[in-house]
Amino acid sequence: MRIELPDTDATRALGERLAASLRAGDLVVLVGDLGAGKTTLTQGIGAGLGVRGQIASPTFIIARAHPSLGDGPDLVHVDAYRIGSLDEVDALDLDSSLEESVTVVEWGEGLVEQLSESWLEVRLERPRGSEGGDDTRVAHVVGHGPRWEGVQP
């Protein structure tokens, strides 16, 4: 699925829309260059899930848990930018919280997919030449594995 996102509000709204399809145990891998909107999308997911706490880039913390304010799943927000190997991913022990939470991983492509047989990939692109005030992004949403067969996120 290809979605044009004209501004940050649209990116957050996509996150909220995706949250409606997410459930405990889901792994979401966000792919995109610096400034592509990964954290903004996660803010929308957090709003849609109804979790506590401000969602900001967890770059220096690596992983931050946001408890649910209702009956839905918690959100675990991970920034894998500084992670260089599968051993470092294992050291985070993400699989211990994976079943109870929605886990969103920025910069996780090629590192975290082995945590689950199914994951949702959201690839965010900022078209070339869109610097200088143009917030337009394009999102490509692709489900991998049996969890996403027949599901339109």
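Quick grid of which residues meet (1) at pLDDT 90 or above; (2) out of contact with any Leu (no Cβ under 7 Å at 6 or more places or on another chain); (3) under 24 Å from Arg137 (Cβ atoms):
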| residue | (1), (2), (3) |
| --- | --- |
| Gly46 | yes, no, yes |
| Leu49 | yes, no, yes |
| Arg52 | yes, no, no |
| Ser57 | no, yes, yes |
| Phe60 | no, yes, no |
| His66 | yes, no, yes |
| Gly70 | yes, yes, no |
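Going by the conditions given, is Thr8 closer than 17 Å to Glu109 by Cβ and of a type outside the set (D, E, K, R)?
Judged against the criteria, Thr8 is not a match.
Determine which member of the set Thr40, Thr11 is farther than 13 Å from Val138 by Cα and surrounded by 20 or more Cβ atoms within 10 Å (Cβ to Cβ).
Thr40
Which of the following residues is under 11 Å from the mean Cα position of the chain (by Cα) and either buried (at least 18 other Cβ atoms within 10 Å of the Cβ) or at pLDDT 85 or above (or both): Glu113, Glu125, Glu121?
That would be Glu121, the only listed residue that is under 11 Å from the mean Cα position of the chain (by Cα) and either buried (at least 18 other Cβ atoms within 10 Å of the Cβ) or at pLDDT 85 or above (or both).
Ala80 fails exactly one of the following numbered conditions: (1) closer than 14 Å to Leu120 by Cα; (2) modelled with pLDDT under 85. What is the number of that condition?
(1)
The values are calculated or read from the model by the stated rules, or taken from the named source; none is laboratory data. Note that the structure is predicted; figures quoted are calculated from it, not measured. Glycine also receives a Cβ, built like all others from the backbone with ideal geometry; neighbour counts cover every protein chain displayed.
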